[in-house]
Structure formats: structure tokens, C-alpha cells
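Written below as C-alpha cells is the structure these notes are about.
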Amino acid sequence: MVKKELPNKDTPYHKVASWIGAIQRTHPVEIFTTNYDLLMEQALEQHRVPYFDGFVGSHHSFFDPYAVEEDLLPSRWARLWKLHGSVNWCHVIHPSHLKYEESRRMPYLAMIDRLRSFFKKPSPILITCGYSFRDQHLNANLLEGLQGNSTAIIFALVHGELKKYPNAIGIASNSANFNLLAEDEAIVGTKWASWDEKESIDSSSHQVAVEWVAKDKKTANSPKQARFKLGDFVQFGALLEDLIGADKQSERQTNAK
């Protein structure tokens, strides 16, 4: 499956790539992924979004740790960091307690260092989507980043019910700058709560991020419960697509004045 290509040009990966290419920014977008596949690379290239993943060259590419560390590329270039390696690397290092020394080798160490460096920036915001928080080594680096920078913040968008993510719950319950958002509940600022309920809703209440479902489908006029949908990568991509449209509309209105 890791060698599969994207089926079309309307996938969430393409929508992420399109958003990166469309927004104006002074700082580069950094993508951290634990996936081994090349799907993000495909989408970025198809949208002609330049990116740097630590490797240079076209015949026999080589890893350049100096370029990774110095980070002197233009801000319009995205940064793509494959934290667990990639299928197109000669050697993939899977971090574990049995391979600690191996995990200290390049390029894995450099990828983790990029994550650490990200949290040292002023007011860094990290959004995770689809990450299960089962990698304790990576969790430790995320927690270290939050503890080391009080202006840092993580929005963790998880798929399904909150109870499926005990590791993330543990972090969110003790870290005010870690916000955990699941389909049924959320932990924000260490406070745990369910999403809103309403007695009735209109069609305009259904948006990309939230849908309203009857609490009791067998009862007429049952109260409606909000269900947060952005933990689904498809919905997250749809949100970014909407944001691009909103930005372009705002830009047209500004230019018309």
C-alpha cells in the first residue's frame, strides 16, 4: 500500500498542497509525518509547490544535514519531514526501545531535531490530523516542546471517539497548551467537555467542521448533538479548500476597493 499512487487530483493531500501554495506567508509551512508513503510528495509536485525534505540531487540523492539545520530556503518552500523514514530512502529507521542507538543516526535524528526546532520558534502552532499518539518517543518530544515554550500550542484533531486515545488524553489533561478535539468530546485548556447540544437546528448549521445528529434517532424532535469532523483527513482537507476560497474572496474584495 505504501507504493500506491493517489487515485485522482481531488484528494485531501491535494487540498493540503493547494492550501500551502495559495496562502501568503513569511514563515514556511512545515509538515511532519510518520507515514512512509510518497502521497504528500505526489500532491505537492502535482500542484507545483516547491518543498525540501532534507535530500538533494536527482541521480543519486543524498541527505544534507547542514541544509536541514541551516534552513535558508525561501519561505514559499514547504518543509516535509518524514519522522519515521520513507519508502524511497535506502535505509528506514524505525525508532524503538530496542534500536535506540540506531535511531540516533541520520537522517532520523535530523528529522526529530526539526520538530524540536519548530517548538523553539515564537508562538508555534502545530495541528495534527490522524496521529494516534501511540508513539511514546514522539509524544515525549511533543510534550518537551510544549513545556519548553509557553507560547507553543498543539491542536490535535483525532478521528472517532475521545476514549480511543488514552495517551493523548494524558497529555491534554496536564498541558494547557495541548488541545485535543475528538468527534464526541474535547479537552481544551485541561478542561474536558462534550460538544454542544441544541433543541433544533437549521440547514445552515451543517458545516465542514461540525455536523448535528439526533441524540435519539428513535424519538421525534430529539435534541441534536454536535459531532466534530476535522479528525477525518477528508474533512480537514475540505476545510482547507474552503479557507482558500474565503481568502480569495477577501482578496478580490480588497482589490475592488
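The values are calculated or read from the model by the stated rules, or taken from the named source; none is laboratory data. This is a predicted model, so every value here is computed, not measured. We place every Cβ from the backbone using ideal geometry, glycine too, and count neighbours over all the protein chains shown.
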Original post:
When both residues are 6+ apart or on different chains and their Cβ atoms are under 6 Å apart, which pairs have a first residue that lies in the range 35-51 and is free of Cβ contacts under 8 Å to residues at least 60 places away in the same chain, and a second that is buried (at least 17 other Cβ atoms within 10 Å of the Cβ) and hydroxyl-bearing (Ser, Thr, Tyr)?
Top reply: Tyr36/Ser86; Leu39/Tyr13; Met40/Tyr13; Ala43/Tyr13; Leu44/Tyr51; His47/Ser18
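Take Ile127 and tell me if it is outside any helix (DSSP H, G or I), at pLDDT 90 or above and of a type outside the set (S, T, N, Q).
Working: outside any helix (DSSP H, G or I): yes; at pLDDT 90 or above: yes; of a type outside the set (S, T, N, Q): yes.
Against the criterion (outside any helix (DSSP H, G or I), at pLDDT 90 or above and of a type outside the set (S, T, N, Q)), Ile127 qualifies.
Quick check on Ala226: is it surrounded by 10 or more Cβ atoms within 10 Å (Cβ to Cβ), at pLDDT 85 or above and either under 20 Å from Ile127 (Cα atoms) or in contact with a Ser or Thr (Cβ under 8 Å, 6 or more places away or on another chain) (or both)? So that I can check it myself, show each step before the final result.
Numbers: surrounded by 10 or more Cβ atoms within 10 Å (Cβ to Cβ): yes; at pLDDT 85 or above: yes; either under 20 Å from Ile127 (Cα atoms) or in contact with a Ser or Thr (Cβ under 8 Å, 6 or more places away or on another chain) (or both): no.
No, not satisfied.
Residues checked against (1) at positive phi; (2) of a type in the set (A, V, I, L, M); (3) within 19 Å of the chain's Cα centre (by Cα):
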residue: Thr26; (1), (2), (3): no, no, no
residue: Ile31; (1), (2), (3): no, yes, yes
residue: Leu38; (1), (2), (3): no, yes, yes
residue: Pro50; (1), (2), (3): no, no, yes
residue: Asp53; (1), (2), (3): no, no, yes
Original post:
Are any residues in the range 138-166 of a type outside the set (A, V, I, L, M), surrounded by 15 or more Cβ atoms within 10 Å (Cβ to Cβ) and either within 12 Å of the chain's Cα centre (by Cα) or farther than 21 Å from Ala193 by Cβ (or both), and if so, which ones?
Top reply: Asn139, Asn141, Gly145, Asn149, Phe155
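Of all residues in the range 99-124, which are among the polar types (S, T, N, Q) and modelled with pLDDT of 90 or more? Full working, then the answer.
At the first step, the residues of the range 99-124 found to be among the polar types (S, T, N, Q) are 103, 117, 123.
Selection gives Ser117, Ser123.
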Subject >> Residue list for the range 81-98, filter: modelled with pLDDT of 85 or more and touching a helix residue (DSSP H, G or I) at 6+ places or on another chain (Cβ under 6 Å) >> reply: Trp81, Leu83
